[in-house]
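First the structure, in the form of structure tokens, and then the observations on it.
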Amino acid sequence: MSRSLAAGLSGALLAVILLTPRPAHAYAWMIRHGFSGCAQCHFDPSGGGLLNEFGLGAASDLLRSHYGTEPADAQPFFGFFTPPSWLLAGGSFRDMLLVMKPDGAGWSRQNVLMQADLRAGVDVGHFRAAGSLGFITNGNSPAAVVGNLVAREYWAGWAFADDAVLLRAGRITLPYGVRSIEHTLFVRQATRTDLNDTQQHGVAIAARGHGFRGELMGIAGNYQMSPDAFRERGYAGYGEWSPTSRWAFGVSSKITHAADDVYLRAATTRQAHGVILRGSPLEALAILGEADATITSVAGQSSWTGLATMLQADVEPWQGLHLIGTGETWATGQPNTAGTSWSGWAGVDWFFFTHVDARFDYVHTSLVQGPMRFPVDSLLVQLHVFL
């Protein structure tokens, strides 16, 4: 494959992923409430997905707006089903209206079902297990199992040291970077580590204690796709240190190799190495930041090095109402690509009722594809219900 063709294909991929919405179920800005880790609220030690009992309580007390009286507690399936103590159960439904205008073209509109998943977790003694099953309208997802059914994650493991250490195996969300709600961010796409469908099969060990948390995963590949040559193998991991309950600093690293990269169609090694910042100088303000250097090495070609960055400020003037500003850049480093893509987000997210939030975003993207630059304006309106 020629260098120009590889760059063209990667540029086309960039255009597609930037304009494709992703589901979301992680709020890294909870550090404003002193939650520097994720295992307090989530069954996954690195965050995202299924909530534990404490997480459901926090969703009632700290997420939604209060209107003069204490809100009802969040309960699995709105209280219509009460699971036994050893079983965690939940789900997530997210729908979005996307309105988009590329430069020189008219506005287009589409409704997107981003997520309709059920989740379950088992906690018996030292044994832990979790899985999800959902429906999507596009059956081409790497998480697809049969037709439009997707299984984003499923794993089983064993907990040690009073739950401070978890060893697990299965299809696991890659431990890397900030797990946040906006999964089309450049840092998530450049590192291929979103919560939507980039999970991989492998073995991971997570540990936490004394202000430290981290996870390291040996990646065996995604066995929900074939042939085997497409599967990426290697490792991913992060380590994060919290000197106080409202500040955290971390590093991430990931290296994988595929014998036949599904996009570049050649033997390819991909590297990503980055830094993480999460903090809250004031309870009303949460700051999230990430910067990642990427190295792509395609057989028979010179490697290219890229850089993706993200900085976000989340202001909560009234509990449950979030004003969100995000800036990001991505210099892919691909051959024959001139300049750096950048994007600015302005959003409002309102957790107006238990189990429910609504979000509106305006996004302006200046996208570089090859030697060309394409401005794109997007409006996103989302409704999210978690079970």
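The values are calculated or read from the model by the stated rules, or taken from the named source; none is laboratory data. Note that the coordinates shown come from a computational prediction; the quantities given were computed from them, not determined experimentally. We place every Cβ from the backbone using ideal geometry, glycine too, and count neighbours over all the protein chains shown.
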Output for the range 230-279, where each listed residue is over 18 Å from the mean Cα position of the chain (by Cα), among the hydroxyl-bearing types (Ser, Thr, Tyr), within 29 Å of GLN334 (Cα to Cα) and in a strand (DSSP E or B)
THR256, THR268, THR269
Given the conditions (1) touching a residue at least 40 places away in the same chain (Cβ under 8 Å); (2) surrounded by fewer than 20 Cβ atoms within 10 Å (Cβ to Cβ); (3) of a type in the set (Gly, Ala, Ser); (4) touching a strand residue (DSSP E or B) at 6+ places or on another chain (Cβ under 6 Å), report the number of the one that GLY209 does not fulfil.
(4)
Residues in the range 264-288 that are touching a residue at least 40 places away in the same chain (Cβ under 8 Å) and either in contact with a Phe, Trp or Tyr (Cβ under 7 Å, 6 or more places away or on another chain) or closer than 16 Å to ARG188 by Cβ (or both) total 8
From the list ARG192, ARG171, ARG179, which residue is surrounded by fewer than 22 Cβ atoms within 10 Å (Cβ to Cβ), basic (Lys, Arg) and either in contact (Cβ under 8 Å) with a residue 60 or more places away in the chain or on the phi > 0 side of the Ramachandran plot (or both)?
ARG192
Within the range 287-331, track down each residue that is over 18 Å from ARG359 (Cα atoms) and assigned to a loop (DSSP other than H, G, I, E, B).
ALA299, GLY300, GLN301, SER302, SER303
What number goes with the only condition from (1) more than 26 Å from LEU321 (Cβ to Cβ); (2) free of Cβ contacts under 8 Å to residues at least 60 places away in the same chain; (3) not in a strand (DSSP E or B) that GLN110 does not pass?
(3)
When the range 212-240 is examined, which residues are found to be touching a residue at least 40 places away in the same chain (Cβ under 8 Å) and among the aliphatic types (A, V, I, L, M)?
LEU216, MET217, ILE219, MET225, ALA236
Is it fair to say THR184 is modelled with pLDDT of 95 or more, touching a Ser or Thr at 6+ places or on another chain (Cβ under 8 Å), of a type outside the set (Lys, Arg) and buried (at least 18 other Cβ atoms within 10 Å of the Cβ)?
no
